[in-house]
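Beneath this line is the structure, given in structure tokens, with notes to follow.
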Amino acid sequence: MTESYTRYERARIIGARALQISMGAPLLIRTTKIDPLEIALEEFQHNIIPITVKRK
Amino acid sequence: MLPDQEAKIEGSALPVKTREQLRTYLEGKEITSSQFDQILNRVIDEYQKTRIEACEAVGIIAAQSIGEPGTQMTMRTFHYAGVAEINVTLGLPRLIEIMDARKEPSTPTMTIYLEPDYLGDRDRAREVSWQIEAAPLHEFGDITTDMENMQIVVHLNTAVCEKRKILPAAIIEAAPRKIRERRHYRDFEFETDGKSPTIIFMPKNRESYQNLFQLAEHVKNVIVQGIDDIERVVVRKESGEYILYTEGSNLKDVFDVEGVDTTRTRTNNISEISQILGIEAARNAIINEALSTLSEQGILVDVRHIMLVADMMCMEGEVKQIGRHGIAGEKESVLSRAAFEVTVNHLLDAAVANEVDELSGVTENVIVGQPIQLGTGDVKLIAKPLKSGES
């Protein structure tokens, strides 16, 4: 995807991923963090979250 | 500037004005093509940053951005002796007038610009103003009520007629016609001898003096020159050209007057603009009027907020007011309308008409407690397959 995410899309993706992690999903990075939201943020920064948005 | 650079600017996704500014900035500057690319990319980046993101609640932001400074406006600036003693409604009352899309503003005014042949000369500007300003018959001569013979005698003053560039014959022709057409008074007869500039009016019913006096009133005040709706014209010199300011507005008839520059002449009557020049002109008029009303009070609001409001008002091809009888009152959704005003009536009518609510708007979804189609609520997620070899 060439276009970057809007702030709403970012929030939604990170939120969804944080929920998955908090419910026990396997992590995609090695980290020392504990808070699922922070882990999700780190995963997002590495661009490895397996979620994207569907644009109209 | 090199032609390929020119082409790059032209092909970039920038607004016309930004492209123009970039061109004037780069004009005559020595830059390498890599520097040029760098500059262009920076400009495009900056421009992208000023853009609104998708899903942003622009309507709410516009409402707040106009509403908050609006609280600073003086509530009672009703009239203001502005340009050359012509009264213009300003401030909050004017803003309300614009948003309400009134058929007629409380103080219609026009600013008439003149064509090149007329704008430099005071006398020629006056000539145009005579053609526009409504002049009643009593300004052109003496009117005497002859009670003995039950008649009204009008002696036209040829000197005045000459000064105002109108032939006495034209007045003699116009006066009785205008009394009939414009003032809707028909119970009279008139006589002219064809040579002297005199007209004699007689009421049809000569039994009572009341008819005579009634007729005298009509004869005195009938408009024989100019445009009926335009009560007053003031000629002023501004930045080297003569401009006519009027009290009263009639765009269509003013456009027919010789010497009027139809491209620059404007009125503050928005519904008149929409009828004569079309909806796009009306949209621009709303933007201009609202913006100038606000900035008059020292309030600076970004045009884009006002443009959004103007777009909403003109969206259906006619100027609609904001509120009960316009945008808010004609929404598709029942719940949305009911949330605005007169709730019970809307619900009752909708029930009787067996209306269906699609729940596609924001208000409806707030009411039923669903996520709304704004911000994060409007983002649809899908799974993206993991890249192989990772993690």
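A compact table of results
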item	result
Sequence-distant residues sharing a close amide H with B:N157 (under 5 Å, placed H)	B:G141, B:D142
Projected label distance in nm at A:R30 and B:D256, using a 7 Å step from Cα toward the beta-carbon	8.9
Sorted by Cβ neighbour density within 10 Å, fewest at the top, the residues B:H184, B:H305, B:H155	B:H184, B:H155, B:H305
For the stretch B:126-197, convex hull of alpha carbons as volume per residue, Å³	96
Chain B: angle of helix B:58-70 to the longest principal axis, Cα-based, in degrees nearest 10	50
Normalised per residue, the volume of the convex hull around the Cα set of the stretch B:331-378 (Å³)	67
Positive-pole candidate from B:Y47, B:T32, B:P3, dipole of the stretch B:3-50, charges at beta carbon	B:Y47
Part-to-part distance (alpha-carbon centres) for the stretch B:228-259 and the stretch B:366-384, which is given in Å	54
Quarter of the Cα convex hull surface for chain A, i.e. its orientation-mean projected area (nm²)	4.0
Residues with amide H under 5 Å from that of B:Q151, placed H, sequence gap 5 or more	B:D146
Total charge dipole magnitude, chain B, about the Cα centre, Cβ charges on Lys, Arg, Asp, Glu only, Debye to nearest 20	320
For q = 0.07, 0.14 Å⁻¹, Debye-computed log10 I/I(0) when each Cα of chain B counts as one equal scatterer	-0.57, -1.25
Note, ³J(HN,Hα) from phi for the stretch B:41-51, Karplus 6.51, -1.76, 1.60, rounded to Hz, x at Gly and Pro	5, 5, 4, 4, 4, 4, 5, 4, 5, 7, 7
Karplus-derived 3J(HN,Hα), 6.51/-1.76/1.60, for each residue of the stretch B:210-223, Hz, glycine and proline x	4, 4, 4, 5, 4, 4, 4, 4, 5, 5, 4, 9, 5, 7
Pair-distance profile P(r), taking every C-alpha pair of the protein assembly as shown, with 10 angstrom steps and integer %	4, 13, 16, 18, 17, 13, 8, 6, 3, 2, 1, 0
For A:V53, residues with placed amide H under 5 Å, excluding near neighbours	B:I382
Two-decimal Rg to Rh for the stretch B:10-151 - Kirkwood Rh, Cα set	1.23
Cα-Cα over 30 Å, subset of B:K165/B:K204; B:K163/B:K220; B:K252/B:K320	B:K165/B:K204
3J(HN,Hα) from dihedral phi, the stretch B:142-156, Karplus parametrisation 6.51/-1.76/1.60, rounded to Hz, x for glycine, proline	9, 10, 10, 9, 8, 6, 5, 9, 6, 8, 10, 9, 10, 9, 7
Per-residue [θ]222 nm for the protein assembly as shown (sum of -39500 (n - 2.57) over DSSP H runs n ≥ 4, rounded to 500)	-13500 deg cm²/dmol
Net charge dipole size for the protein assembly as shown [Lys, Arg +1 and Asp, Glu -1 on Cβ; Debye, nearest 20]	1200
Convex hull volume per residue for the stretch B:211-328, taking Cα atoms only, in Å³	187
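Any read-out appearing in this document is the output of simple, stated calculations on the displayed coordinates, not a laboratory observation. All values derive from a computational prediction rather than experimental measurement. Positions of Cβ are generated from backbone atoms using ideal geometry, with glycine treated the same way; all protein chains shown enter the neighbour counts.
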